[in-house]
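Trainee: This is the structure, below, for whatever I ask next.
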Amino acid sequence: FLADYAAMIEGCIELFEATFDERWLKRALELQSAADRWHWDDKQGGYFQSSHDHEQLITRAKDLSDGATPSGNSMMLMNLLRLAT
């Protein structure tokens with residue numbers, strides 16, 4: 001699921017910032033590429049919660065609002081901003 005990717009990417013970014021070991025930045029970029037490949041919505045932008053090869057659903061959810069925990073899309077946005085810098 002998208003939140004799992006987002007959390008792993010965030011963890012790798014945190015490890016890179018703490019250690020400056022480039023393998024963590026490389027891993028974060030690899031995970032970001034995989035999330036883009038499996039979850040990105042080419043038609044309307046944003047990320048679906050489930051991957052494109054997930055079992056057939058009536059609709060693929062795309063959570064854009066934060067609740068008690070941040071949505072996968074807001075976590076991915078923060079990761080993209082941090083990776084861009």
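Trainee: Between Asp41 and Asp66, what is 0.36 nm times their sequence separation minus the Cα-Cα distance? Round to one decimal in nm. It would help to have the intermediate numbers written out before the result.
Mentor: On the way: separation 25, 0.36 × 25 = 9.00 nm, distance 1.89 nm.
Result: 7.1 nm gained on full extension.
Trainee: From Cα pairs below 8 angstrom and at least 6 apart in sequence, can you work out the relative contact order of the chain, rounded to a whole percent?
Mentor: Values: 92 pairs, mean separation 26.8, N = 85.
Once normalised by length, the contact order is 32 percent.
Trainee: Right, next: How large is the dipole of the chain about the Cα centre if only Lys and Arg carry +1 and Asp and Glu carry -1, each at its Cβ, rounded to the nearest 20 debye?
Mentor: Working: 8 positive and 14 negative charges, 31 e Å.
Here the size comes out at about 140 debye.
Trainee: Please compute, for the alpha-carbon atoms of the chain, the extent along each of the three principal axes and give them in descending order in Å.
Mentor: Answer, in whole Å and largest first: 44, 27, 20 Å.
Every number here is computed from the coordinates shown, using simple stated rules; none is lab data. In this text, all values refer to a predicted model and were calculated from it rather than measured experimentally. Neighbour counts run over all protein chains shown; Cβ positions are idealised from the backbone, glycine included.
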